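Take a look at the structure below.
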């Protein structure tokens, strides 16, 4: 197996010829997103696991993926080439597994604490069963499982063991086998949005109350992502350390360009706002964040 290093992951991305952005902020602290890449069939939001990601980093990876329509991937040495890890609605892949996913090849075996499972296409299973005039009871007897288990298979609430998968292939063909990357965009976990008294959480809360879907982030260059309809806005707050200002804004711009989204900078003072505006960024001062809804909605009307 290829060991997980940043260089090895970048080599795979280059070899597969995919568009990607390497996110290099923050530099020394915890980071939830290392790479945003566009594979053959889908967008990937990637965390490279040199050390085990914290729960907060994993949650941010998952939430950023939910907000941007990407698939959250942790590239890790903790799995094998063709076996994914399923945990907390994030998929763990080896470097080789990432290469397969980028090419759009199926990865159908995954491991959880409960064992090793095969991903199936629930809608194909239901259609094949009905085409062959099997009742749920008939199929349950053929597979050696309960009727309730068949119901769970067909409603996407359960995948199958290797033994059951082999029986399904014998009955219905390989079309019934799925891909762990299909339908893997997670739902937004917004419970923590209200939990912190920070500028970013205030912005996310205000926009949520104004009808936007929004959430705050702490471990990447973007502090808030908000959406309404097809419009996405990325919001970055001026860092307290001026040494980090240029780096943070550059990396936030990378993310915005990769997602074809608007970037709005929140300046901490009027003097810094003028300087940031001269650099070509769209800005809003912190004292005006209560008007952020109007700012974004006004832009939406202007673009319509």
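Numerical summary
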read-out	value
More than 16 Å apart - percent of Cα-Cα pairs taken over region 198-268	43
Burial order of peptide ranges 73-79, 91-97, 224-230 (average beta-carbon count within 10 Å, highest first)	91-97, 73-79, 224-230
Alpha carbon Rg of region 94-176, scaled by the compact-globule rule 2.2 N^0.38 Å	1.16
Distance between region 6-64 and region 223-271 - C-alpha centres, whole angstrom	18
Mean Cβ neighbour count within 10 Å, used as a protection proxy, ranking 81-89, 8-16 highest first	81-89, 8-16
Spin-label pair residue 170/residue 270, simplified geometry with 7 Å Cα→Cβ offset, distance in nm	8.0
Diffusion constant of region 143-265 at 25 °C, which comes from Stokes-Einstein with the Kirkwood Cα-pair radius and 0.890 mPa s, µm²/s	136
Using alpha carbons only: equivalent-ellipsoid semi-axes of the chain, gyration tensor based, whole Å	42, 22, 16
Nearest-ten-degree value, helix 162-172 long axis tilted from longest Cα axis of the chain	70
Projected area averaged over orientations for region 21-161, convex hull of C-alpha atoms, nm²	9.7
Dimensionless Rg/Rh of region 1-102 - Kirkwood Rh, Rg from C-alpha atoms	0.91
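No lab work stands behind these numbers, since they all come straight from the coordinates. This is a predicted model, so every value here is computed, not measured. Every residue, glycine among them, receives a Cβ derived from its backbone with ideal geometry; neighbour counts consider all protein chains shown.
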